[in-house]
Amino acid sequence: LLSLDFCSFTGTVPSPIFTMPDLEHLHLGGNYLTGTLPSNIGNATKLQTLTLGSSRHPTNNLSGTIPQGISGLSELFFLELSSNQISGTLPDSISQLRNLQYLFLRGNNLEGNISMISELESLVFFSSAQNNLTGDLDVCGIPLLRHSEVDCASKEHRVTCECCNFCCSQELFDRGEGIFGCVPKLP
């Protein structure tokens with residue numbers, strides 16, 4: 001376990017961290033880190049939790065794309081990248097993270113299709129609001145999913161959910177007048 005959240009660190013995420021053979025938990029959220037996600041991120045094959053963002057206290061300002069090599073994190077069940085400046089499309093390889101239960105991508109500059117998230121059958125919590133993602137997200141096909149935050153009510157960037165009754169907007173959520181995201185239909 002390497003837990004260095006909210007330590008006021010500056011600089012980049014050091015790539016040698018991802019060569020530590022027994023690293024299972026890495027928490028660097030709430031610092032002042034910049035730069036890109038290291039391309040060797042997938043080398044930490046025993047990593048179970050990775051926190052490089054924070055939706056409660058956003059301070060890191062990581063940029064660039066999510067590396068394709070993220071698929072090497074086969075044990076990963078918690079990924080927090082919220083409130084950074086990560087851009088580009090979601091890599092197709094993210095669908096190979098079969099143990100992933102919690103995925104936080106909120107408040108970045110991600111774009112493109114989101115449909116591969118439907119392949120993450122272990123997903124329990126998914127947050128991708130405040131990005132530029134589009135496409136169909138089959139939340140009904142993710143058996144364990146209990147909470148999702150997506151931009152389904154945006155006029156510019158629409159994510160559709162065939163099994164939802166309605167979507168609630170960020171504006172209503174911020175005003176305390178409802179939930180945010182997809183509301184699944186009841187059987």
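The values are calculated or read from the model by the stated rules, or taken from the named source; none is laboratory data. Here the structure is a predicted model, which is why all the values come from computation and not from measurement. Positions of Cβ are generated from backbone atoms using ideal geometry, with glycine treated the same way; all protein chains shown enter the neighbour counts. Surface areas here come from the heavy atoms of the whole protein model, side chains and all, with no ligands, DNA or RNA. Shrake-Rupley method; radii C 1.70, N 1.55, O 1.52, S 1.80 Å.
Within region 118-127, does at least one residue satisfy the condition of being surrounded by fewer than 23 Cβ atoms within 10 Å (Cβ to Cβ), aromatic (Phe, Trp, Tyr), farther than 22 Å from PRO14 by Cβ and in contact (Cβ under 8 Å) with a residue 40 or more places away in the chain? No, the conditions are met nowhere in region 118-127. Apart from one condition, SER8 fits all of (1) open to solvent by 10 Å² or more (accessible area, probe 1.4 Å); (2) under 15 Å from the mean Cα position of the chain (by Cα); the exception is (2).
Being over 15 Å from LEU76 (Cβ atoms), among the β-branched types (Val, Ile, Thr), open to solvent by 20 Å² or more (accessible area, probe 1.4 Å) and at pLDDT 95 or above is a property that holds for THR89. Collect the residues in region 11-22 that are within 12 Å of LEU50 (Cβ to Cβ) and within 20 Å of the chain's Cα centre (by Cα), keeping them in residue-number order. Within region 11-22, VAL13, PHE18 qualify.
So how many residues does region 79-128 have that are assigned to a loop (DSSP other than H, G, I, E, B) and of a type in the set (A, V, I, L, M, F, W, C)?
Pass one, region 79-128, residues assigned to a loop (DSSP other than H, G, I, E, B): 81-86, 90-91, 97-101, 105-108, 114, 120-124, 128.
Restricting the remaining residues to those that are of a type in the set (A, V, I, L, M, F, W, C) gives 81, 86, 90, 97, 100, 105, 114, 120, 123-124.
Within region 79-128, residues that are assigned to a loop (DSSP other than H, G, I, E, B) and of a type in the set (A, V, I, L, M, F, W, C) number 10.
Please specify each residue of region 95-117 satisfying the condition of being open to solvent by 50 Å² or more (accessible area, probe 1.4 Å), farther than 15 Å from VAL139 by Cα, touching a strand residue (DSSP E or B) at 6+ places or on another chain (Cβ under 8 Å) and of a type outside the set (S, T, N, Q). Passing the criteria: only GLU111.
Inspect region 160-175 for any residue being part of a loop (DSSP other than H, G, I, E, B), open to solvent by 60 Å² or more (accessible area, probe 1.4 Å) and modelled with pLDDT under 85 and give the result as yes or no.
Yes, because at least one residue in region 160-175 is part of a loop (DSSP other than H, G, I, E, B), open to solvent by 60 Å² or more (accessible area, probe 1.4 Å) and modelled with pLDDT under 85.
If the condition is being of a type in the set (A, V, I, L, M) and either assigned to a loop (DSSP other than H, G, I, E, B) or farther than 25 Å from PRO21 by Cβ (or both), then region 49-58 contributes only LEU52. Screening region 46-68 for residues that are open to solvent by 20 Å² or more (accessible area, probe 1.4 Å) and in contact with a Gly (Cβ under 6 Å, 6 or more places away or on another chain) and picking the one that is modelled with the highest pLDDT gives THR65.
Please work out if THR51 is within 14 Å of the chain's Cα centre (by Cα), touching a residue at least 12 places away in the same chain (Cβ under 8 Å) and closer than 24 Å to GLN96 by Cβ.
Details: within 14 Å of the chain's Cα centre (by Cα): yes; touching a residue at least 12 places away in the same chain (Cβ under 8 Å): yes; closer than 24 Å to GLN96 by Cβ: yes.
Yes, satisfied.
For the structure I just gave you, tell me whether LEU81 is modelled with pLDDT of 95 or more, over 15 Å from PHE104 (Cβ atoms) and open to solvent by less than 30 Å² (accessible area, probe 1.4 Å).
On the way: modelled with pLDDT of 95 or more: yes; over 15 Å from PHE104 (Cβ atoms): no; open to solvent by less than 30 Å² (accessible area, probe 1.4 Å): yes.
Taking the combined requirement at face value, the residue does not satisfy it.
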